[in-house]
Amino acid sequence: MNKKFYSGTGLVLLFVAFLVFTFLNNSLFSKFRLDLTENNLYTLSSGSNEIIDSIDEPVNLHFFFSEKSSENLTSLRAYAVRVRELLEEYELKSGGKINLKIIDPEPFSEAEDKAAEFGLQSVPVSSAGDELYFGLAGTNALDGVAVIPFFQPDKEEFLEYEVSKLIQGLIVSEKPIIGLLSSLPVQGEVNPQTYQSTSPWVVIQQLEQLFSIQEIEIEATELPTNIDILLVIHPKNISESLLFSIDQFLMKGGRLLAFVDPLAEMDRPAPTNPMMPSPPGDQSSSLNGLMTNWGVSVRSGVVLGDSRAALSVGGPDGAPVRHLAIVGMGAENLSAEDVVTADLESVNFASAGIVDVTTDSPVQFDILIQSSDVSMPLESSQFQFLTNPTDLLKSFVPTGERYAIAARIHGSVDSAFPNGIDGYDGEVVSNTESLNVILVADTDLLSDRLWVQVQDFFGQQVASPWANNGDLIVNSLDNLGGSSALISIRSR
């Protein structure tokens, strides 16, 4: 009798202890998590935490995932759990600044209508017409909306970056101001023969829709003080005072996207006589006056030749011939580790240069685009009067090396002008620990002819891209303008 009593009492006490433990666990330890995954998949980076800390007004995240339509998609469901748990980590870290809603958009439901209204992408998953939603929509207090239309499992390494980028877009209300410095007529010009104005390059038209563009004259002696990012295209013959101003802009944390060129084909002057070709001239540009101080430079008078990536152009008789210096760089040439190039498929270049970095450079040099191993440096002088591209093949001997065409340059560097310049009596910032530059050794890739076809459609100009040249510059500016916190979130 006593044994049964004590046994029953023990069970009751054990049950009560379990309830007390559960209550304390939910109350005191619900915000405690231990990440034991190999790459800390569920631990947010310092950049993401910085973005979360900067939230002033609450942000709402709506995670849509079709449970029933995904019943037989085991791997996708596993990735959905990964996404949901990462979003829960954002909500947990925010301390109430992020409100997460998990939504199952069943067919013909209000939730499905809401997913479509946000612009999320549905994917057919069966012959019966079942649609699957797997995306994220974010809103803020000002009715701003940002979406990730569909979470692609093959882009899992950029998951945290994309989510943080979405949140960053909801808490920053103003577009970044891009300072555009170019010696090429990228914003259009007036033809001196016909007095007709030409349209801006398509890539500039795209940027004007996404950013606030402020033009800077190539003859300027200093940069405006209100720009967030400096976009330099073919900085030909710029003054020392402007170069110093660019240096100080970078030393103070400014970001730079630079397109330089050993032989800019779009820089060829218009002929005075329509029957005669335009005379050769200096068509090169560089920022080596700054970058050699970082251990980085673009080879002077050298053009990249790549047999494997060579594109076909019209020969002297009109028949297609391969041109060693007009190249199409595919996925194998583009970095899959950087968010700027990871989603691109092809970028076309014409007479591109080669970017070098010294072994003792103080910066981190991440190659974004590089040649194949069937490449060699070519003297730019042989292109001045080149009429038959096949002539380049006669002396072409691949070195077996792969050469950098574009790179991300970041880290700690000293100013190239530690003592300032003559006539400047202001304070000189002598170093920075947050240099942030993307350098591309070609300017012709921005011209319409290498990536987009423009057609007239009932009076409207319609651009149809056939390469990712435009995406390269938009991705670069989008990344550089995302804040230092967003930029710091690397592939995981």
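The values are calculated or read from the model by the stated rules, or taken from the named source; none is laboratory data. As the structure is a computational prediction, the values presented were derived from the model and not from experiment. Every residue, glycine among them, receives a Cβ derived from its backbone with ideal geometry; neighbour counts consider all protein chains shown. Ligands, DNA and RNA are excluded from the accessible area calculation, which covers all protein heavy atoms including side chains. Shrake-Rupley method; radii C 1.70, N 1.55, O 1.52, S 1.80 Å.
Key figures for this structure:
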| item | result |
| --- | --- |
| Interchain or long-range residues, amide H under 5 Å from SER66's placed H | TYR133 |
| Potential extension, GLU156-ASN388 segment - 0.36 nm per residue separation minus Cα distance | 78.9 nm |
| Spacing of the two label points (7 Å from each Cα toward its C-beta) at SER54 and GLU427, in nm | 2.3 |
| Fraction of accessible area attributable to carbon and sulfur, the range 203-247 (%, probe 1.4 Å) | 40 |
| The range 167-246: relative contact order as a whole-number percent, Cα under 8 Å and 6+ apart | 40 |
| For peptides 88-97, 367-376, 440-449, 313-322, sequence by mean Cβ density within 10 Å, most packed first | 440-449, 367-376, 88-97, 313-322 |
| Rounded percent of accessible protein surface that carbon and sulfur make up, the range 323-454, 1.4 Å probe | 45 |
| Equivalent ellipsoid, the range 328-457 (semi-axes from 5 times Cα gyration tensor eigenvalues, Å) | 32, 20, 19 |
| Protection proxy ranking, peptides 325-334, 403-412, 127-136, 102-111, average beta carbon neighbours within 10 Å, highest first | 403-412, 325-334, 127-136, 102-111 |
| Inter-part distance where the range 64-136 and the range 345-382 are each reduced to a Cα centre, Å | 42 |
| Value of relative contact order over the range 261-408, rounded to a whole percent, pairs C-alpha under 8 Å and six or more apart | 27 |
| Theoretical gain in end-to-end length, LYS252 to SER127 [0.36 nm per residue, Cα-Cα removed] | 39.2 nm |
| Percent RCO, i.e. relative contact order, over the range 348-407, from Cα pairs under 8 Å lying at least 6 residues apart | 56 |
| Which listed pairs, of LYS68/LYS114; LYS97/LYS175; LYS68/LYS93, have C-alpha distances above 25 Å, in listed order | LYS68/LYS93 |
| Potential extension, SER300-VAL172 segment - 0.36 nm per residue separation minus Cα distance | 42.0 nm |
| Surface per residue (accessible, 1.4 Å probe) for the range 89-210, Å² | 53 |
